Amino acid sequence: MFLKNYLGIWCFLIISILLAIIVFIIPYLFAVKSDDREKLSSYECGFNPFEDSRGEFDVKFYLVAILFIIFDLEISFLFPFVLCLDKIGGLGICAMYIFLLVLTVGFFYE
């Protein structure tokens, strides 16, 4: 009687495992496995994929990636602000304007 309550969960688990296996196995079996010129070309960051990994590189690619992550995280702070906009009062709104000003200055500096 106790395990009868979990029958739906077991069915869902088995079906989801089977679907996951199907989703991964079928493309692996039927995918074209030939390298073409586009796959062997440089990546979007500008590095040649088959050079020595200890070679010199341009730091600006990493700086842009880090700045993107920082600005993305700062924008995520706006969502809780919007949810409690009616409860924070004038001081909270002023603080958020200062935060947005700093964010805008940093964006233009980037």
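Candidates in the stretch 54-110 are the residues that are outside any helix (DSSP H, G or I) and surrounded by 10 or more Cβ atoms within 10 Å (Cβ to Cβ); of these, the one that is modelled with the highest pLDDT is 77. In the set (1) surrounded by 10 or more Cβ atoms within 10 Å (Cβ to Cβ); (2) at pLDDT below 80; (3) within 25 Å of the chain's Cα centre (by Cα), residue 44 fails one condition alone, (1).
The values are calculated or read from the model by the stated rules, or taken from the named source; none is laboratory data. Only a predicted model underlies this, so the values are computations on that prediction, with no experimental measurement involved. Every residue, glycine among them, receives a Cβ derived from its backbone with ideal geometry; neighbour counts consider all protein chains shown.
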